[in-house]
1. Go through the stretch 263-283 residue by residue and tally those that are surrounded by fewer than 17 Cβ atoms within 10 Å (Cβ to Cβ) and out of contact with any Pro (no Cβ under 7 Å at 6 or more places or on another chain).
2. Scan the stretch 135-144 residue by residue and report those that are in a helix (DSSP H, G or I) and either surrounded by 12 or more Cβ atoms within 10 Å (Cβ to Cβ) or not assigned by TED's automatic domain parsing to the domain that holds residue 109 (or both).
3. Considering only the stretch 288-338, state which residues are basic (Lys, Arg), assigned to a loop (DSSP other than H, G, I, E, B) and at pLDDT below 85.
4. If we scan the stretch 330-345, do we find a residue that is buried (at least 18 other Cβ atoms within 10 Å of the Cβ) and under 30 Å from residue 192 (Cα atoms)?
5. How do the pairs read when you match residues in the stretch 229-249 that are at pLDDT 90 or above with residues anywhere that are of a type in the set (Gly, Ala, Ser) and assigned to a loop (DSSP other than H, G, I, E, B), using Cβ under 8 Å and keeping only pairs 6 or more apart or on different chains?
6. Within the set of pairs 6+ apart or on separate chains, which have a first residue in the stretch 313-331 that is in contact (Cβ under 8 Å) with a residue 12 or more places away in the chain, a second that is part of a helix (DSSP H, G or I) and of a type outside the set (Gly, Ala, Ser), and C-beta atoms under 8 Å apart?
Amino acid sequence: MKKRWIIVGVAVLVVGGSVSQAVVKSKGRSIKVRTETAARRTLVSEISGPARIRPSTEVKLSADNMGRVIKIGVKEGERVRRGQFLLQLDPVQYEAQASRAKAELEQARAALEQYQAQLRQGQEDLDRFRRLGEKDLVSTEVLEQQTTQVEVLAAQRKAAARNVTRAEAMLDSAADALARTTFLSPMDGTVSKVNVEEGEMAVVGTMNNPGTVLLQIAAMDTMEAEAEVDETEVVDVHVGLPAKVELDAFPDTSLAAVVTEVSSSATIKNPGSPQEVTIFPVVVLLTESLPGVRPGMTGTARIETGRRDSVLSVPISSLVVRDAEKEDLKERGEKEPEVSPDRKPPEKEGVYVVVKNKAHFQPLETGISGEQYVEVLDGLEPAAVVITGPFETLRDLRAGSRLKITREKEKKN
């Protein structure tokens, strides 16, 4: 069975609302019912879901090279600045690799210089032989041999230049590996977690095994909450909607927030079981701060999906579904026509209104729902008195029932 979220809201600014109690006389017995006057209110429609606090920005630093942790320069909860020293891995082997790469580069450059000198000398000899050849002092065979020698030297010089380029790349790689043994803060923030101790070995991640997360830096100044919204309600959520976050650690306290992200990918919990539920993560950014709020705290996010100011409304508990034609016949005391059992009655949503001490069924067109009240778009006049319960009585109530009104103290919203 899938989990369903409860739509909640707030109803305020009551105008002229009143609560009363009526007695229904039916076949000599009196049945007590509650009534309330339709009034104008501000209705807020909300959806809610469990949420967990997290920093808006959090960076996890992992090792790119295997090495032993030899120094940790920060503690959890410490504020750090961008570029500040955090942690050092043992650099000995990487320093050796860098030194070896530097020596190989110097050797490649020396070989290049040697081939360049040989090529210059060979080119000078070729030019001299050509001048002598013009005077028939050098044979054609000697001239061709020298030309071939110059071409060989040019190829060797080109290969030596490539060796230099390769050696420079190896030195850059070795230098980068050495630099990665020193960890500096990538941002201003707070050290949210240190996962290693001095002397531990940092492991590089592979395809199947994640690497060691050495420490985490978080921007604690801006916090957000990731809420789980049911698939039936996420269609009403979009970026920019106002929200509130209520934390379990701070009862009776809510923090203002705004929706910044609505996931387009679903998360299925308990797949294949009766408790399977499909939810969509929704991220809300806290626009209010509260001392003591920490990442990982849990609570409830309430997202406002609709608001109507000063609209006519009735209690949700007063809504019923009836066959309007039948109710009209009962109210006039006329006999109901026989209906085929295959025919589905044209049921409509509405309320029972008190008219001349009788119950009258009034179909309604409704709008958004708040926590206790629902908006009336059409079908009801202001100040109409509607029957709100009890549920057992309202379930069996029919139009035309005589009522005896007994006023009660006005209900607070």
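1. 13
2. Taking the stretch 135-144 first, the residues in a helix (DSSP H, G or I) are 140-144.
142, 143 - these are the residues of the stretch 135-144 that are in a helix (DSSP H, G or I) and either surrounded by 12 or more Cβ atoms within 10 Å (Cβ to Cβ) or not assigned by TED's automatic domain parsing to the domain that holds residue 109 (or both).
3. In the first step, residues of the stretch 288-338 are kept if they are basic (Lys, Arg); the result is 294, 302, 307-308, 322, 326, 330, 332, 335.
Among the residues that remain, those that are also assigned to a loop (DSSP other than H, G, I, E, B) are: 294, 335.
335, the sole residue that qualifies.
4. Within the stretch 330-345 (the criterion being buried (at least 18 other Cβ atoms within 10 Å of the Cβ) and under 30 Å from residue 192 (Cα atoms)), the answer is no, since none of the residues qualifies.
5. 231/266; 249/292
6. 317/391; 317/394; 318/394; 320/394; 320/395
The values are calculated or read from the model by the stated rules, or taken from the named source; none is laboratory data. Model, not experiment: these values are computed from the prediction. For neighbour counting, all protein chains shown are included, and Cβ atoms are generated from backbone atoms with ideal geometry for every residue, glycine included.
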